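The values are calculated or read from the model by the stated rules, or taken from the named source; none is laboratory data. Computed from a prediction, not measured in an experiment: that's the story for all the values here. Glycine gets a Cβ as well: all are built from the backbone with ideal geometry, and neighbour counts include every protein chain shown.
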Amino acid sequence: MGVNQGYRSFLSYVTLPSQSFGESGIITHKTVVMEKRVYIETYGCQMNEHDTERILRLLAGSHYLETKDAQEADLILINTCSVREKPEHKVYSALGRYKWLKEKRGAIIGVAGCVAQQEGDRLLDRVPYLDMVIGTHAIPMLPQLLQKIEFFGQRICETGFDPEGNYLKTILPQKPLDKVKSYVTIMQGCDHFCSYCIVPYVRGREKSRSSREIIEEVRHLAEMGVKEIFLLGQNVNSYGKGLEEEINFPKLLRRINEIEGLQRIRFTTSHPKDLSEELIQAFSKLPKLCEHIHLPFQSGSDKILKAMHRGYTKDSYLEKIDRLKEVCPFIAVTSDVIVGFPGEEEKDFEETLDLIRKVRFDDLFSFKYSPRKGTRAAQFTDKVEEKVKQDRLSILQEIQGGITLQKNQEIEGRVEEVLVEGWSKQSEKDITGRTRTNKIVNFEGDLELVGKLVPVQITKAYPHSLRGEIVPTHCRLQDVDCGVKSSEILT
Ligand code: 5AD
Ligand code: SF4
């Protein structure tokens, strides 16, 4: 039974007098289901995007359909992220924008996600027209909570953690939002407590879904035409911890690799400390596992890594990268880095730049350190000045920009397998897709190719995308020699 069954909103059912009268002259009734609209504004990572999808599936059972126009919404949800920047400010300004919809249309307004988890009742206190605050573990309760608001006018704050992991349960989609690709959560939460990071406090401790549920979901998605799945978790490498079954992440990948119809598997995020040899080997053994890993390093300085509580050194990180490249020479590596962590001196920053030059990441997400209330690092006193942080970020981004472009240029002339996703945003004649290494490729073609794997010769590299040409059918077999394990599935 789906988790939402039995929680249908009473107000969705309006009992109307029937047109016809019964023999006795007593008016009979018929039930008309009133459809409502929900608008969700989503901030943050893929996990949040996926939570939004899950909320939409859940609310469909309560007859709330998605709208992209807030003005016609009966329910407005802001799904928030608090990992960086000033998330509370964003939330308050979004709430300010929707206040008039409460006044004009009586829309229900709620805040979900990490800021909801962190701020809880404070949000209700500060925003009198806010109806609900839904923490990260409370998503499955949403239909019930809506009933309380609709019927009893209650204001709700639900931010308890659920040790049973019911929040991980999902309703199988009847229609994936994106037919080609889909997210699947395999675990949530984190036990690492890096000193700068809010995630363990707002997402809770690591909790894995059973492999049976995950496989069932992926199989279902594949049957619905999904070709690529993106497995999500704050630390996918710890998948399986705490489950009764004998399973770990590489084993789960092996089982997913066998699912018929599915063409590609990706995952995020991996912690370098937990990246096992078994997982590294999976990149050469599992044909569907794409040659891309996102492996955040955060800093190249051992002193800073220690203060961050990361559990590895610069050298051990570099060794893992070497190993990955030995096993899978064409693997693309992307990463996250923080500059200006408390105590970061010029020589620490130089170590970070040195690591970047040595690894030559395909892409890098770089952030200025920003203290998170409640984390250990927020208490550290040796803060780095804002101007220094900004200067370091600019230097780093300039260096990485050059490397990213060079890495893209190295692909020029090669034939890459591309999964076609749809029209390109850049030109009306072009379609777009991604290589197995997760690079965007734009090329001429038509929409019939959506969902297909096609060989595309890369003709030009740009900083954030590639341009290419479909390889004509008659030259496909001999030309497809790009080092990735894919040519037999070209269509
Ligand atoms: N300040 C800056 N960046 C942060 N990240 C996480 N917490 C912080 C913080 N307090 C970055 C890390 C992480 C990514 C998701 O966000 O690089 O990998
Ligand atoms: Fe945050 Fe560290 Fe856990 Fe990643 S591993 S979610 S950075 S605590």
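Within region 369-390, the set of residues being under 27 Å from residue 405 (Cβ atoms) and within 11 Å of ligand 1 (Cβ to nearest atom) comprises 369, 389.
Looking for whichever is away from ligand 1 (no atom under 16 Å from the Cβ), within 30 Å of residue 311 (Cα to Cα) and in contact with a strand residue (DSSP E or B) (Cβ under 6 Å, 6 or more places away or on another chain) here; the options are 232, 243. Which one fits? So that I can check it myself, show each step before the final result.
Working: 232 fails: away from ligand 1 (no atom under 16 Å from the Cβ).
That would be 243, the only listed residue that is away from ligand 1 (no atom under 16 Å from the Cβ), within 30 Å of residue 311 (Cα to Cα) and in contact with a strand residue (DSSP E or B) (Cβ under 6 Å, 6 or more places away or on another chain).
Here the condition is being more than 30 Å from residue 119 (Cβ to Cβ), touching a strand residue (DSSP E or B) at 6+ places or on another chain (Cβ under 8 Å) and within 16 Å of ligand 1 (Cβ to nearest atom); of 397, 457, it holds for 397 alone.
The single condition from (1) within 24 Å of residue 277 (Cα to Cα); (2) away from ligand 2 (no atom under 16 Å from the Cβ); (3) crowded, with 19+ Cβ neighbours inside 10 Å that residue 246 fails is (3). Regarding region 374-389, can at least one residue be identified that is closer than 30 Å to residue 285 by Cα, surrounded by 17 or more Cβ atoms within 10 Å (Cβ to Cβ) and of a type in the set (A, V, I, L, M)? No, region 374-389 has no match at all. Restricting 138, 112 to residues that are surrounded by 16 or more Cβ atoms within 10 Å (Cβ to Cβ), in contact with a strand residue (DSSP E or B) (Cβ under 6 Å, 6 or more places away or on another chain) and modelled with pLDDT under 95 narrows the list to 138. Filtered by the rule that a residue be within 14 Å of residue 290 (Cβ to Cβ), among the charged types (D, E, K, R) and part of a loop (DSSP other than H, G, I, E, B), region 427-443 gives 436, 439. Which members of region 54-72 meet the condition of being of a type in the set (Asp, Glu), more than 21 Å from the chain's Cα centre (by Cα) and either buried (at least 16 other Cβ atoms within 10 Å of the Cβ) or outside any loop (DSSP other than H, G, I, E, B) (or both)? Residue satisfying the conditions is 72 alone. Residues in region 191-223 that are within 16 Å of ligand 1 (Cβ to nearest atom), over 15 Å from the mean Cα position of the chain (by Cα) and of a type in the set (A, V, I, L, M, F, W, C): 193, 194, 197, 198, 202. Within region 83-112, residues that are assigned to a helix (DSSP H, G or I) sit with their Cβ atoms under 6 Å from residues that are among the small types (Gly, Ala, Ser), at 6+ positions apart or across chains, in these pairs: 101/107.
Taken over region 285-303, the residue count meeting the criterion of being farther than 18 Å from residue 365 by Cα and either within 14 Å of ligand 2 (Cβ to nearest atom) or in contact (Cβ under 8 Å) with a residue 60 or more places away in the chain (or both) is 3. Out of 195, 210, 182, one residue alone is modelled with pLDDT of 95 or more, more than 16 Å from ligand 2 (Cβ to nearest atom) and of a type in the set (Ser, Thr, Tyr). It is 210. Among the residues of region 236-275, those identified as basic (Lys, Arg) and within 20 Å of the chain's Cα centre (by Cα) are 264, 266. State yes or no: is residue 280 more than 30 Å from residue 315 (Cβ to Cβ), in contact with a helix residue (DSSP H, G or I) (Cβ under 6 Å, 6 or more places away or on another chain) and hydrophobic (A, V, I, L, M, F, W, C)? When the stated conditions are applied, residue 280 does not pass them. Is it true that some residue in region 331-345 is free of Cβ contacts under 8 Å to residues at least 24 places away in the same chain and not hydrophobic (A, V, I, L, M, F, W, C)? Looking through region 331-345, at least one residue is free of Cβ contacts under 8 Å to residues at least 24 places away in the same chain and not hydrophobic (A, V, I, L, M, F, W, C). Filtered by the rule that a residue be closer than 24 Å to residue 324 by Cα and touching a helix residue (DSSP H, G or I) at 6+ places or on another chain (Cβ under 9 Å), region 419-449 gives a lone residue, 439. Within the option set 439, 460, being within 14 Å of residue 409 (Cα to Cα), of a type in the set (Lys, Arg) and buried (at least 20 other Cβ atoms within 10 Å of the Cβ) holds for one residue only, 439. Looking only at residues in region 141-184 that are of a type in the set (Ser, Thr, Tyr) and outside any helix (DSSP H, G or I), the one that is surrounded by the most Cβ atoms within 10 Å (Cβ to Cβ) is 182. Just checking, does region 346-368 include any residue being modelled with pLDDT of 95 or more, within 11 Å of ligand 1 (Cβ to nearest atom) and in contact with a Phe, Trp or Tyr (Cβ under 6 Å, 6 or more places away or on another chain)? For region 346-368, residues modelled with pLDDT of 95 or more, within 11 Å of ligand 1 (Cβ to nearest atom) and in contact with a Phe, Trp or Tyr (Cβ under 6 Å, 6 or more places away or on another chain): absent. For residue 303, indicate whether it is closer than 28 Å to residue 392 by Cβ, charged (D, E, K, R) and away from ligand 1 (no atom under 16 Å from the Cβ). So residue 303 fits the description; yes. For region 393-422, the set of residues classified as surrounded by 14 or more Cβ atoms within 10 Å (Cβ to Cβ) and outside any helix (DSSP H, G or I) consists of 411, 412, 414, 415, 416, 417, 418, 419, 420, 421, 422, listed by residue number.
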